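Working notes, structure below.
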Amino acid sequence: MALKILGTGSYLPPRVVTNDDLSKQLDTSDEWIFSHTGIHARHIAGEDDCTSTMATKAARAAMAVAGVKPEEIGLIVVATSSPDYNTFPSTACLVQAALECPSTGAYDLQAACAGFVYALDQARCWCKVNTTKKAIVIGAETLSRVVDWKDRSSCILFGDGAGAVVIGEVPGEEGPDSHTVLWADGHGAGFISREGGARRPHEFGTVAIPYLVLQGHDVFAFAVRALVKVTNQLCEKLGTTPSELDRVFAHQANGRIIEAVARRMKLPLEKFYLNLVGTGNTSAASIPLALDEAVRKGELKDGMKLVLCGFGAGLTYAGTYMQWPYL
């Protein structure tokens, strides 16, 4: 049997906030933001959307492409850093109810911007055992509600959206070799953080939404090292080289990070799929959003050698080598 991505889907909220829009409330400009990030615009969730609703829409789209019914789904994993509820219930359970999957395990996974790759690996292992069921892996974020819109260093980066894949075993096929690496370095936990939770006591009756805090220069240096390390390690494991890859789907955090990775690896920038110009940094949603866009544009052909790689708060970083659409 071969494990495959059977369908992809995505959802971006209709409201678009451009750099010019931001310049009306911040000391910035479209030229400054684009030169530092590679971003011109981002999608922002409206009043009727949140992480669970966007995740559900992306999952439905992926299920339609895959041609699977709710009763065929056995697992739903949602990678997110901006769940509907701070702790419980999980966003995945809300998605399970909305999709009306009758007998499905569901949980959230928190590995920040590397979350989709982490979740994909867990679902892949699950599918290897539960061969008659399919899994939905979703990256979804509503980061616009946890950033400080007065902080130019962070709010210009982020956008909202969701991407999803349906994966499952296919009888009678043999898939090529694949491999995943998962890494973490908690010593850099302070580079990207957001207060809250049970780490320290709070006054009763105090309700506040803490903002995301980002140490940009430290994150930039870490991200370049992490993406290079992951891609090289995956290629070495599979007996190939980065130059033989057809496409790299890196977390769409900042265009300048990806340009630095391409230079360090001596690869043409064209090998790296880029769509953050119109989406911004969508954290765990960025890789599945890019995958679905590439599929819809017809840019992914069977047998193409791909690396999916991400990095994020934690610090976390991870990568998967695959030959499309096999996992």
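Coordinate-derived values only; no laboratory data. On a predicted model such as this, the values are computed, not experimentally measured, just so you know. Note that we place each Cβ from the backbone using ideal geometry, even for glycine, and neighbour counts take in every protein chain shown.
Observations on the model:
- Whether the stretch 179-323 is rounded, prolate or oblate, judged on the alpha carbon gyration tensor where a/c under 1.5 counts as rounded: prolate
- The Stokes-Einstein estimate for the stretch 2-170, based on a Kirkwood radius over Cα pairs and taken at 10 °C with 1.306 mPa s viscosity, is a diffusion coefficient of 96 µm²/s.
- Electrostatic bookkeeping for Val224 treats Lys and Arg as +1 and Asp and Glu as -1; over the other residues with beta carbon under 11 Å from its beta carbon, the sum is +4.
- Fraction of antiparallel bridges per DSSP, the chain only, in percent to nearest 5: 70 percent
- Candidates Leu238, Leu120, Leu22: whichever shows maximal mean-square fluctuation once the chain is modelled as a Gaussian network with Cα springs under 10 Å: Leu238
- The alpha carbons of the chain occupy a box of 58, 48, 37 Å along the principal axes, longest dimension given first.
- Taking chymotrypsin sites (Phe, Trp or Tyr not before Pro) across the stretch 1-103, the ones in a DSSP loop with at most 14 further Cβ atoms lying within 10 angstrom of their Cβ are Tyr85.
- A crude spin-label estimate for the pair Trp183 and Glu47, with each label 7 Å from Cα along the Cβ direction, gives 4.6 nm.
- Inter-part distance, the stretch 2-71 to the stretch 126-202, computed on C-alpha centroids, equals 14 Å.
- Lysines with Cα under 25 Å of Lys128, excluding same-chain neighbours fewer than 8 positions away: Lys4, Lys69, Lys237, Lys301, Lys305
- Cross-link reach list, lysines versus Lys24, counting only Cα pairs under 22 Å and skipping chain neighbours closer than eight places: Lys150
- Overall shape: prolate for the stretch 125-241, with the ratio a/c of the largest to smallest alpha carbon gyration tensor axis at 1.5 or above and a/b above b/c.
- Computed helical MRE - 222 nm, the chain, DSSP H runs ≥ 4 contributing -39500 (n - 2.57), nearest 500: -9500 deg cm²/dmol
- Restriction of the GluC sites (Glu not before Pro) in the stretch 138-191 to DSSP coil positions whose beta-carbon has at most 10 other beta-carbons within 10 angstrom yields Glu174.
- A full extension of the chain between Glu174 and Lys69 corresponds to an added length of 35.4 nm, given 0.36 nm per residue minus the alpha carbon distance.
- Short-range pairs are left out: with C-alpha atoms under 8 Å and at least six residues apart, the relative contact order of the chain is 27 percent.
- Phi angles across the stretch 134-140 convert, under the Karplus curve 6.51 cos²θ - 1.76 cosθ + 1.60 with θ = phi - 60°, into 3J(HN,Hα) values of 9, 10, 10, 10, 10, x, 9 Hz, Gly and Pro given as x.
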